[in-house]
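The values are calculated or read from the model by the stated rules, or taken from the named source; none is laboratory data. Since the model is a prediction, treat every value here as computed from it, not as a measurement. No Cβ is skipped: glycine too gets one built from the backbone with ideal geometry, and neighbour counts run over all protein chains shown.
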Amino acid sequence: MSPVLHASRTKQASLAERSEHSEHNPLSVHAVTVAYHRKPVIWDVDFDIEPGRLVAIVGPNGAGKSTLVKACLGLVPRAAGQVEFWGGSYATSRSRVGYVPQRESVDWDFPVSALDVVCMGRYRKIGWCRPVSRSHKRAATACLDRVGLADLAHRQISQLSGGQQQRVFLARALAQEADLYFMDEPFAGVDAATERAIVAVLRELRDEGKSVLVVHHDLQTVRTYFDDIVMLNMRVVATGPVNEVFTNENLHKTYGGRLTLLSEAAEAVARAGAGAP
Amino acid sequence: MNFSVALDLFPLLSGLLAATTCALLGNFLVLRKLSLMGDAISHSVLPGLVAAFVLAGSRNSGVMFLGAAAAGVFTAVLVEIIKKLGRVEPGAAMGVAFSVLFALGVLLIEQFARQVDLDADCVLHGQLEGLVWYGHPETWRDAFTPQSLAGVPREIWTQLGMLAGAALFVGVLFKELRIAAFDAGLATALGINASAMHFALMVVVAAATVASFEAVGSILVIAMLICPAATARLLTDRLATQVWLSLAAAVLSTVAGYTGASAIPALFNLPAVSAAGSMTVASGVLLVVAIVAAPRYGVIARVLHRRSLARRVLIDDLLGVLFRQREAGEPESSIQELAAAMPGRAVPEAVTLATQAGLVSRAGARVALTEPGIERGVDIIRRHRLWEHYLVERAGFRPDHVHDPAEVLEHLETSPPEGPVADPHGREIPSPPASS
């Protein structure tokens, strides 16, 4: 047996050893570490997402929530660890995974209409080098309708309110027709109507058996909106059903600065890296 | 001017080809806020040209082209590296990369290629006027005979090929270029690698720069990468339309610039100026015209919009005052009374405008609301008092602090939420007019 094959077998085995890993799970994150300029941002992170669950990632600023999402999608390089989608790699599951980046991550003055943006969710289905056909535009319009913006389909995106822009992003994710969604702070700075619309769509997705991982800031709404939670502060402090895990003790661990020793160690790693040749 | 096929056709065509090629690609540079990239690449091809000359030992155009294209790509890579490792903004990275590489090119010339005639003037302005059609045909029917075609300058063929290549690149990958420019994260997550798209664009820009600048010079290339796309951006909010408009702007500035290069100095009995320079100026003038006169984003449109808004606010405020007077049992007011109630405002102008709109009627110096005026007055006062209610009940303002903010809010398109029948000061909030 070649050493390469052997190595990959061992890797598979180590994932399979953990009882919660299964091919039915949309997402399995195992021992993932990400570092910027050698400083670990997330360190040895493990968790799983089951089908049909709404999952919140919470944690203080700089806890690595967005980084974790980007690491899962291969947008930032992982220093270590594996991420599996339905037991396979991201490359084989791309079309089943949807992504809503932070609203501030794009230029809203870009010369496109709301419908153009939603159509982008279908680019993978459309395929390389082919124009957006009428049937894809119809599907995208239906997604805009689902978030209550059908009337604004042809409006330029800078003329939408912040909440409407966030709903356009949500419609674009719906247009991806994925089975697992990553949403980076969809509730940040939106009006009450948009928040209700987003929650309604999240519940519809869950009822269709899909899972959504949401980077979330508002601890007050965690219990009403989500089934499961990942409490993150560079490490996973706790993960599981909200009603079991979302306790004062875990909140204190996540937000209370109990991990200062770990932060200091991370700084030391970065310094050692900077000093090394 | 007298158009001469031998003397004018190819300079004009070469200008058109360069302008349209650069304008096409410039759309994506402007959108990615990388306009300076054309500047960077067109300067840093110099060391590439010299290195190619030194390595190949000849001025063979194919070799020079490869050297320049390689230097262009190298610049794009270098800018990324400086940005990432130096942690500086893109503009600084591009500035550093192109000035250092250009200087390196100059040093290389001094060291290795003194004998080569590399004219700085030629680099700046190109040699459009040198594109003469030797053995040009006498009639259009003869234009495609072998000996006519043999006289077509090599630059024209290169530029034609380049325009076709750029058009193919943008046409086929339009949707991929759009998503990579708009949302690199989603593009990459979907499998359209945004940084690969970026480098592909840089390769094409580098090739276009090199293919164009021999004939038209670097100044025109830089201008055409920025001005037509920036002009088009002011005229539309759709990317596809913007691309077509940028091509139109490129053609317009080329033709106007070429004609103007000889026609305008001739008015003053002066010799013709550089055609490439003149086209560059024309593209800048066109951009200025768009900045001033664009239908939505132009200066004039904004001024007009602001003025019509100011007039509407002025009329609304007049109607508000008249309506309050009416509530107080004074259906008519004199201009003096109104002026006292609206200090610092152009009351006579407001009365004139409102009279023209049929909202008030005048009898001598007395002013009264008409039926439509009452209807609109009800609407304004209703909004004003609902906003006051909202500010007190929902936003925690003190009742004596809400009049001034409500004076502003009443003019918004956004309606206040429904409320009770009395405002925080105990005044009646009128019901909406029956017609609405």
(request) Considering each of B:245, B:235 in turn, give the residue that is farther than 24 Å from residue B:156 by Cβ, touching a residue at least 40 places away in the same chain (Cβ under 8 Å) and touching a helix residue (DSSP H, G or I) at 6+ places or on another chain (Cβ under 7 Å). (result) B:235
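Would you mention how many residues in segment B:54-108 are closer than 23 Å to residue B:214 by Cα and either modelled with pLDDT of 85 or more or not hydroxyl-bearing (Ser, Thr, Tyr) (or both)? I'd like the intermediate steps shown before the answer.
Applying the first criterion (closer than 23 Å to residue B:214 by Cα) to segment B:54-108 yields B:54-76, B:94-95, B:97-108.
Then drop every residue that is not either modelled with pLDDT of 85 or more or not hydroxyl-bearing (Ser, Thr, Tyr) (or both), which leaves B:54-57, B:59-60, B:62-76, B:94-95, B:97-108.
The number of residues fulfilling the criteria is 35.
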(request) At least 2 residues that are exposed (fewer than 13 other Cβ atoms within 10 Å of the Cβ) in each: list the helices (runs of 4 or more DSSP H) lying fully within segment B:326-436 that qualify. (result) B:335-341, B:347-356, B:403-409
(message) Of all residues being in contact with a helix residue (DSSP H, G or I) (Cβ under 7 Å, 6 or more places away or on another chain) and in contact (Cβ under 8 Å) with a residue 60 or more places away in the chain in segment B:345-404, which is farthest from residue B:333 (Cα to Cα)? Just the residue, please.
(response) B:384
(message) Give all pairs with beta carbons closer than 6 Å in which a residue from segment B:21-42 that is assigned to a loop (DSSP other than H, G, I, E, B) meets a residue that is among the hydrophobic types (A, V, I, L, M, F, W, C); count only pairs at least 6 apart in sequence or on separate chains.
(response) B:32/B:181; B:35/B:29; B:35/B:226
(message) Return the pair list, or none, for Cβ contacts closer than 8 Å from residues in segment A:185-197 that are farther than 14 Å from residue A:168 by Cβ to residues that are at pLDDT 90 or above and of a type in the set (D, E, K, R), at least 6 apart or on different chains.
(response) A:185/A:103; A:187/A:195; A:187/A:218; A:188/A:103; A:189/A:103
(message) Can you find, within segment B:200-232, the residue that is nearest to residue B:16 (Cα to Cα) among those that are in contact with a helix residue (DSSP H, G or I) (Cβ under 6 Å, 6 or more places away or on another chain) and within 14 Å of chain A (Cβ to nearest Cβ)?
(response) B:229
(message) Of the conditions (1) within 13 Å of another protein chain (Cβ to nearest Cβ); (2) modelled with pLDDT of 95 or more; (3) in contact with a helix residue (DSSP H, G or I) (Cβ under 9 Å, 6 or more places away or on another chain), residue A:69 satisfies every one except a single condition; which number is it?
(response) (3)
(message) Here are the criteria: (1) basic (Lys, Arg); (2) within 14 Å of chain B (Cβ to nearest Cβ); (3) more than 15 Å from the chain's Cα centre (by Cα); (4) under 25 Å from residue B:183 (Cβ atoms). Tell me which single one residue A:78 does not satisfy.
(response) (2)
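For residue B:40, state whether it is out of contact with any Asp or Glu (no Cβ under 7 Å at 6 or more places or on another chain) and surrounded by 18 or more Cβ atoms within 10 Å (Cβ to Cβ). Give the derivation first.
Details: out of contact with any Asp or Glu (no Cβ under 7 Å at 6 or more places or on another chain): yes; surrounded by 18 or more Cβ atoms within 10 Å (Cβ to Cβ): yes.
Criteria met by residue B:40.
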(request) Considering every residue within segment B:307-321, establish whether at least one is out of contact with any His (no Cβ under 7 Å at 6 or more places or on another chain) and more than 27 Å from residue B:344 (Cβ to Cβ). (result) no
(message) Show me the helices (runs of 4 or more DSSP H) found entirely inside segment B:134-186 where at least 1 residues are within 29 Å of residue A:73 (Cβ to Cβ) and within 14 Å of chain A (Cβ to nearest Cβ).
(response) B:154-172, B:174-182
(message) Condition first: more than 28 Å from residue A:114 (Cα to Cα) and without any contact (Cβ under 8 Å) to a residue 24 or more places away in the chain. Now tell me which residues in segment B:159-213 satisfy that.
(response) B:164
(request) Would you check which residues across segment B:237-291 are surrounded by fewer than 20 Cβ atoms within 10 Å (Cβ to Cβ) and within 14 Å of chain A (Cβ to nearest Cβ) and list them? (result) B:238, B:240, B:241, B:244
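Out of all the residues in segment A:159-172, is one or more on the phi > 0 side of the Ramachandran plot and either modelled with pLDDT of 95 or more or of a type in the set (S, T, N, Q) (or both)? Talk me through it step by step, then tell me what you get.
Step one: of segment A:159-172, the residues on the phi > 0 side of the Ramachandran plot are none.
No - not one qualifying residue is present in segment A:159-172.
May I ask you to list the residues in segment A:82-100 that are outside any helix (DSSP H, G or I) and within 11 Å of another protein chain (Cβ to nearest Cβ)? First the steps, then the outcome.
Pass one, segment A:82-100, residues outside any helix (DSSP H, G or I): A:82-89, A:97-100.
The answer is A:97, A:98, A:99, A:100.
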(request) Would you check which residues across segment A:101-135 are among the polar types (S, T, N, Q), more than 16 Å from the chain's Cα centre (by Cα) and within 12 Å of another protein chain (Cβ to nearest Cβ) and list them? (result) A:113, A:133
